Amino acid sequence: MKKDIKKRVVHRLKIIEGQVKGLQRMAEEEEYCISIITQVSAMRQALSSVEDLMLENHLLTHVVSQMKSKKGQTKAVEEMLSIYKLSKKK
């Protein structure tokens with residue numbers, strides 16, 4: 001994993017961890033529904049940014065090396081198609 005991307009991913013995941021704990025507290029304290037929904041939406045966006053960083057890392061590392069070998073090219077294409085199909089289900 002690229003060092004700079006790893007640092008950003010870990011940082012964002014720590015933020016998300018705090019958001020989850022905050023959401024749990026909000027639910028336990030029966031805070032206003034719209035406030036909780038707003039925080040869930042923020043978490044979803046934060047998770048999406050982690051997903052984007054992981055895809056960037058994969059493209060910069062694994063896919064580059066896979067494309068250099070004939071055998072790896074097929075795997076790289078299959079993985080990208082799989083991720084594309086997953087993203088369409090959102």
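Assorted remarks:
- Within the stretch 77-90, being over 19 Å from the mean Cα position of the chain (by Cα) and among the hydrophobic types (A, V, I, L, M, F, W, C) holds for one residue alone: 77.
- Inter-residue pairs, beta-carbon under 6 Å, first under 21 Å from residue 6 (Cα atoms) and in the stretch 57-79, second charged (D, E, K, R) and surrounded by 14 or more Cβ atoms within 10 Å (Cβ to Cβ), 6+ apart: 66/75
- Total residues in the stretch 1-30, condition among the aliphatic types (A, V, I, L, M), without any contact (Cβ under 8 Å) to a residue 40 or more places away in the chain and either farther than 14 Å from residue 42 by Cβ or in contact with a strand residue (DSSP E or B) (Cβ under 7 Å, 6 or more places away or on another chain) (or both): 3
- The stretch 12-70: number of residues that are within 17 Å of the chain's Cα centre (by Cα), under 22 Å from residue 80 (Cα atoms), hydroxyl-bearing (Ser, Thr, Tyr) and loosely packed, with under 13 Cβ neighbours inside 10 Å: 1
Bear in mind these aren't lab numbers, they're just calculated from the coordinates by the rules spelled out. Since the model is a prediction, treat every value here as computed from it, not as a measurement. Note that we place each Cβ from the backbone using ideal geometry, even for glycine, and neighbour counts take in every protein chain shown.
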